[in-house]
Amino acid sequence: MLRLLIILIFFSNSTFAQGQFKLNGEVQNPTERKILITLYRDWVGDEEEYEIKLNDKNQFSFSTNLNHLAYIDFYYADQGFHYWIIEPNDEISIKFNPTNFWESLFFSGNGHEKWHYYTHHRSNFEENRDWEKEAGMLNKAPQQQYFDFLDNEQDVQIAFLEKANNLSEDFIQARKADIIGAIQNYKVNFLSNAKFANLTEEQVNSHLKITELPDSVQANSLEYGNMYQNLMDLFIAKSAFRKKKDLTETEEINLVKSSYNRLLFSFQLIERTIAFKLKNMIEAENITPKIQALVDDFLETATNRDFKNYISKKVNFSKTLTKGSPAKAFKLKDIDGKEVSLKDFLGKTVYLDFWASWCGPCIYDMKFMDAIKAKFQDEIVFIQISLDNETEWRESVKMYDIKGINLRVDENSSVTKNYGVTGIPAYFLIDKKGTFAVSQVSDPSKEEGQELIKQIEEVLSRK
């Protein structure tokens, strides 16, 4: 599926220095001509993806301004690394041979020591012994034995970090938070088992081995934030179990707010989590009155300017996709090479489906669309926009016998951005005036398509 983009905005009151991050390198015996970089500035906003071309000397360079530490993915072909911390004023040079990527890696320049640390950590805890595999094997052991293993592993990895040379204090603290978050998250998942349903939030917290970390470090850390979000989801599930009903959006947000405990979970971390939840709510439902009320409260009380700006922009963009707003124009070629424009169908009702062959829910929903298409074939224009590559698209349209108009775009095209497609399937219903007919289209599989049929009939009945 299109990656749900889980994403970071670091806090404006962070103590981290501002500066430029620079990365340059050389590929020995290259097998292709590009480097792929993904930059995560924060865990609420949007990740940044870059494709860097090699020059005629097989070299590349990349630079960007950073206000604080961030995370980076680096990939060449199918080799690379994921979620490594970078800092302002780093100027790192990298050399490697793709035929023996890890063995040939060589780093130099300001800040390169942290990348040496990552390679040594990988060697010790993934190659020489796979600690995650060991944890998986102990998952069925008695709880105390399992938790003792995790706590000891945390101590060992932190000790390994603290023995590394020439690492900044900011990096050490952030990396320590990542280690704690990643390992304690195993406990959170373990305690999510149904047999622990009656444990209170205090009892769950008592099992976590968390040392005191600076507020901004908690909020900026990838793994610490993931652990906390999973913990909040566990508490939400427990609350729903006790109440025998799903929590409302307001109840979920209030539960997150109530978890504030400076030694364990800072206010900045809570703001990050609330902003992330609001983002997901807006993407899933667009902007509803209930969500708008939660957003208004967040914008009034939050202290993080970056989060506030991002959520405000998210709301404003969502309003462009709500009922009555004009649908975004596009012009694409269909499977036969004919140019198709949304404007071609002004005066007709259009059903728009963003999908891909690798998206299980997309394919499942299509099973219910055949009957809907047959029912409304004379009244609705059905357009499917695939995110597959050219070959997979053509093969899938034929394999699944997808009727209607079939178009294709890249995942990061202007069309997906204009329609706010951050995950698929994504559906839109456009009326004869060229405006969005409803704010949220029902999934075709819901009630075996009956709810979607009612939506379409209501739209068609409008004058």
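Just so it is clear, none of the values below were taken in a lab; they were calculated from the coordinates. Note that the coordinates shown come from a computational prediction; the quantities given were computed from them, not determined experimentally. Counting neighbours? That spans all protein chains shown, and the Cβs are built from the backbone with ideal geometry, glycine included.
Compared with the alpha-carbon gap, the fully stretched path from residue 296 to residue 193 is longer by 33.5 nm at 0.36 nm per residue.
Taking the square roots of 5 times each eigenvalue of the Cα gyration tensor of the chain, largest first, gives ellipsoid semi-axes of 41, 30, 22 Å.
Assuming charge only on the beta carbon of Lys and Arg (+1) and of Asp and Glu (-1), the dipole of segment 19-108 about its Cα centre is about 340 debye to the nearest 20. Can you compute the charge dipole magnitude of the chain about its Cα centre, using +1 on each Lys and Arg Cβ and -1 on each Asp and Glu Cβ, nothing else charged? Give it in debye, rounded to the nearest 20. For the chain, the charge dipole is close to 1320 debye.
Using Cα atoms only, what is the angle between the long axis of helix 305-319 and the major principal axis of the chain, expressed in degrees (0 to 90) to the nearest 10? Between helix and principal axis, roughly 10 degrees. Length available on full extension from residue 458 to residue 418: 0.36 nm per residue minus the Cα-Cα distance, which gives 11.8 nm. In order along segment 409-415, the phi-based Karplus estimate (6.51 cos²θ - 1.76 cosθ + 1.60, θ = phi - 60°) of 3J(HN,Hα) comes to 9, 7, 4, 9, 6, 5, 5 Hz; Gly and Pro are listed as x. Residues whose amide H falls under 5 Å from that of residue 385, counting only those 5 or more places apart or on a different chain, are 353, 354, 355, 407, with hydrogens built in the peptide plane. Within segment 124-174, the trypsin sites (Lys or Arg not before Pro) that combine a DSSP coil assignment with at most 12 other C-beta atoms in a 10 angstrom radius are 129, 140.
Run through segment 300-372 and list the trypsin sites (Lys or Arg not before Pro) located in a DSSP loop whose Cβ has at most 15 other Cβ atoms within 10 Å.
Sites meeting the loop and neighbour criteria: 323, 338, 348.
Taking every Cα-Cα distance in segment 163-211 and sorting them into 5 Å bins starting at zero, the pair-distance distribution P(r) comes out as 4, 18, 23, 17, 12, 9, 8, 5, 3, 0 percent.
Note on residue 101 and residue 370: the extension gain reaches 92.0 nm, defined as 0.36 nm multiplied by sequence separation minus the Cα-Cα distance.
For residue 249 and residue 57, a Förster radius of 41 Å and the Cβ-Cβ distance give a FRET efficiency of 0.15, rounded to the nearest 0.05.
Only DSSP H runs of four or more residues enter the estimate; each adds -39500 (n - 2.57), and after division by the residues of the chain the mean residue ellipticity at 222 nm equals -13500 deg cm²/dmol. Grouping the Cα pair distances of segment 19-108 into 5 Å bins from zero gives a pair-distance distribution of 3, 14, 26, 27, 17, 10, 4, 1 percent in increasing distance order. The Stokes-Einstein estimate for segment 350-389, based on a Kirkwood radius over Cα pairs and taken at 20 °C with 1.002 mPa s viscosity, is a diffusion coefficient of 199 µm²/s.
Working note: Karplus 6.51/-1.76/1.60 with θ = phi - 60° gives segment 76-82 the couplings 10, 6, 9, 10, x, 9, 10 Hz, where Gly and Pro are set to x. Sorted largest first, the principal axis extents computed over the alpha-carbon atoms of segment 131-319 equal 49, 46, 26 Å.
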